[in-house]
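To start, the structure under review is shown below, and the notes come after it.
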Amino acid sequence: MINEINRKQDETIKSYKIRLFKNKDLYGLNSQNIADLINKETGDTFNESTYRKWYRLYSEGLEDGKKENLSDDSLIKQYEIKKQEFEKEKIKVQTEKLNLNQMLREQARMELFEEKITHAILHRDKNIDIPKHKIDLDYNNDSEMILSIADPHYGADFIIRGMMDEVINEYNPEIFEKRMWEILNKTVSYAERNGFKKVNVLDLDDSIEGILHIGQLALLRYGVVDSLIGYADFMETWINELSRILYVDFNRVKGNHNDLRLLTGKKGDFPHENTSRIITHSIKKGLRDNPNVSINGHNSVGCIYKKIAGFDVLASHGQDEKGNLEDSFKNYILSYKVNVDYFYTGHLHSTNIKEIGINKEIIQTPSIMGINDFSIGLKKTANAGAKITVLTKDYGRTEEHNIILK
């Protein structure tokens, strides 16, 4: 019987398949056994369903021909039709495999890229002088101070000129650092004037300029990896210095310029692969021994959602809001079944506060970068800046202070 199930010397693959299926009970074979035998002869890796479907189509065509008493030519035609149907099914299987392999390749490239970035950031030689004293937060204060910062686009390097060739905005990593120190000084001054010992920092991201499209290459001082390292390095130092005066509860959301879009060039191909979490991990590791700092990364939605002064605060970069923040405010509540009192966003590079209801507001944060070619093209401009707001228990937002940057 073993000789019978083997392919005969002058037997075609098609004849071999037909013989095996016709005599599978006689040979004691099942569909998987037949698939293994045929794959061994052809070198293919098709599963049993592929061959079983092929034989079913062949048998149906043969049976139809017998019932209708078709001529040999008609039988051949029917067989060719069935064969084409089988070939289409085979192509579908092959296409699925190609798509799966492509996805796996992209994921592997993504993981490798991310591993190299993480290794470069976490193994850099950097020592920070951590404060030894712990700030006492045991004091009566129903108000909490929030500093929101957004859109630093670290790594960008450009000059915007006006109609008389005057400089409207100049921006580069050095100017970013200068503006951040100005934000720190004004934050500390505001806190000391108003008796705050703690600041909730909302980093609304787009931390680096990134590469969303080829046109940005002309505006970059650094590449993606160097931008990530530079930004993480500076923010560790900045948060550490701020923590000498204030307890810093630092929170980061996920922005769109941190997407690893350079691998495929397409927005949203890998929505959960974003370098924001690498920066957060680096800062948290660098400041892990600082008693006056807590570092919090974004949730699976890319947002921060937390209680501040008894109110539910949601922070998002804003790239998915499509310009209609009021609809987004309501959609977050309906989609995720949570309460939202104050919704902080960046992305639009401008400042605004919109009241939605009693103690319910959208608070738009300006950009650290200021105007660029994109905003000029849209004929929209706004000051570079940051925003300080105060939430008071039972009363909501009681103060707003805009930090204007030069």
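Just so it is clear, none of the values below were taken in a lab; they were calculated from the coordinates. Source: prediction; values computed, not measured. Cβ placement follows ideal geometry from the backbone for every residue including glycine, while neighbour counts extend to all protein chains displayed.
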- Item | Contour excess over end-to-end distance, with Cα ends at MET164 and LYS354 and 0.36 nm allotted per residue | 64.8 nm
- Query: Hey, fewest Cβ within 10 Å first, where do THR45, THR345 land in order?
  - Reply: THR45, THR345
- Message: Which of THR95, THR398, THR389 has the fewest other C-beta atoms within 10 Å, and how do the rest follow up to the most?
- Response: THR95, THR398, THR389
- Item | In region 286-388, trypsin sites (Lys or Arg not before Pro) in a DSSP loop with at most 11 other beta-carbon atoms within 10 Å | ARG288, LYS322, LYS337, LYS379
- Message: If packing is taken as the average number of other Cβ atoms within 10 Å across a peptide's residues, how do 238-249, 186-197 rank, most packed first?
- Response: 238-249, 186-197
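So for MET163, MET369, fewest C-beta neighbours within 10 Å to most, what's the order?
MET163, MET369
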- Summed side-chain charge close to ILE34 - residues other than ILE34 whose Cβ falls under 15 Å, Lys, Arg +1, Asp, Glu -1: +3
- Query: If you add up the charges near ILE135, with Lys and Arg at +1 and Asp and Glu at -1, over every other residue whose beta carbon is less than 11 angstrom from its beta carbon, what do you get?
  - Reply: +2
- Starting from the eigenvalues of the Cα gyration tensor, five times each then square-rooted, give me the equivalent ellipsoid semi-axes of region 336-406, largest first, whole Å. 26, 15, 9
